[in-house]
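In what follows, a structure is listed as structure tokens, so that the remarks can point back to it.
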Amino acid sequence: MPELIRTPEQIFREEEKDIYFIRFFEEARLENPKAAGRSRASKEMLAWLRTALPHVRVEKMAPSENSGWISGYLGDIRVDFSEASLAIFCQRWENSQGESNDSRLRCFLMPYDTWAQEQAKFVPTIERPTSIGATLWWDTPIGFVYHQVDDDPTTSSAIHPGNRGAIWKHALRLWPELAAVKIVDIAEGEILKREGIWDSTYFLTRGDWPLSRVEALRTWFHMPDGGRVFNDF
């Protein structure tokens, strides 16, 4: 059966809590990438967790969505510690300075608040922009929901730096009526600049996006002549 392996960002969006994860340094020396998660240290840790903390949830964790490259599972495990279970783990696996007492592994903390503060920079809106810029957008029943960053005219390329899932989740908090919208039933996309030309990709899982909405997109976001709007699904 296929196995769902979540990224840190997926966990943040779905659970809104700190992430503790264990990295095994032997994994980086394995010649076969398919062997990720099979090092001796990894097996020993999983066995200890099953015995010492049987009620604590453990899952494989994929690399960050912001890691800069696409890769498969690399061996990290996320451990959903409570305060009590974390204390038991630290007593066994860390010294008095909070350092790992096993050089083959280390436990890391990714604070939710730090990630949430970064995502708070990307507050979506439904007000029409005054100019064009790198944009993530959704064509919804309440109009275009989007976030845009200001254009830098000195650069020939521009891509929105935000996370689509996090911005959409923020939109759901701002406009609760969007909870009834199935994302597969609406068009969503990105406006980006490549070699000085502004284009917009869009994705629509079901059906066709009407030409009238394509023209509405062009007008709403001030797309210049020559820019393309195309399905990138």
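The values are calculated or read from the model by the stated rules, or taken from the named source; none is laboratory data. Quantities reported herein were computed from a predicted structural model and do not represent experimental measurements. Every residue, glycine as well, gets a Cβ built from its backbone with ideal geometry; the counts of neighbours run over all protein chains shown. Note: areas computed on protein heavy atoms with side chains; ligands, DNA, RNA excluded. Shrake-Rupley method; radii C 1.70, N 1.55, O 1.52, S 1.80 Å.
Assorted remarks:
- Index of the failed condition, THR135 passing every other in (1) open to solvent by less than 40 Å² (accessible area, probe 1.4 Å); (2) among the hydroxyl-bearing types (Ser, Thr, Tyr); (3) more than 12 Å from LEU192 (Cβ to Cβ): (3)
- Of all residues making up region 180-233, the number that are assigned to a loop (DSSP other than H, G, I, E, B) and open to solvent by 40 Å² or more (accessible area, probe 1.4 Å): 15
- Screening ALA171 against (1) over 30 Å from ILE22 (Cβ atoms); (2) surrounded by fewer than 18 Cβ atoms within 10 Å (Cβ to Cβ); (3) in contact (Cβ under 8 Å) with a residue 12 or more places away in the chain leaves a single unmet condition, (2).
- Of the residues contained in region 131-148, none is found to be out of contact with any Asp or Glu (no Cβ under 8 Å at 6 or more places or on another chain) and free of Cβ contacts under 8 Å to residues at least 12 places away in the same chain.
- ARG104 vs. criteria buried (at least 16 other Cβ atoms within 10 Å of the Cβ) and either within 30 Å of GLU188 (Cα to Cα) or modelled with pLDDT of 85 or more (or both): yes
- Residue match in region 113-121 (condition: over 18 Å from ASP18 (Cα atoms) and modelled with pLDDT under 95): yes
- Across region 15-68, the qualifying residues are those that are of a type in the set (S, T, N, Q) and either open to solvent by 90 Å² or more (accessible area, probe 1.4 Å) or over 20 Å from the mean Cα position of the chain (by Cα) (or both), and the one among them that is modelled with the highest pLDDT is THR51.
- The residues listed here are ARG218, ARG213, ARG164; of these, the one that is touching an Asp or Glu at 6+ places or on another chain (Cβ under 8 Å) and over 29 Å from TRP115 (Cα atoms) is ARG213.
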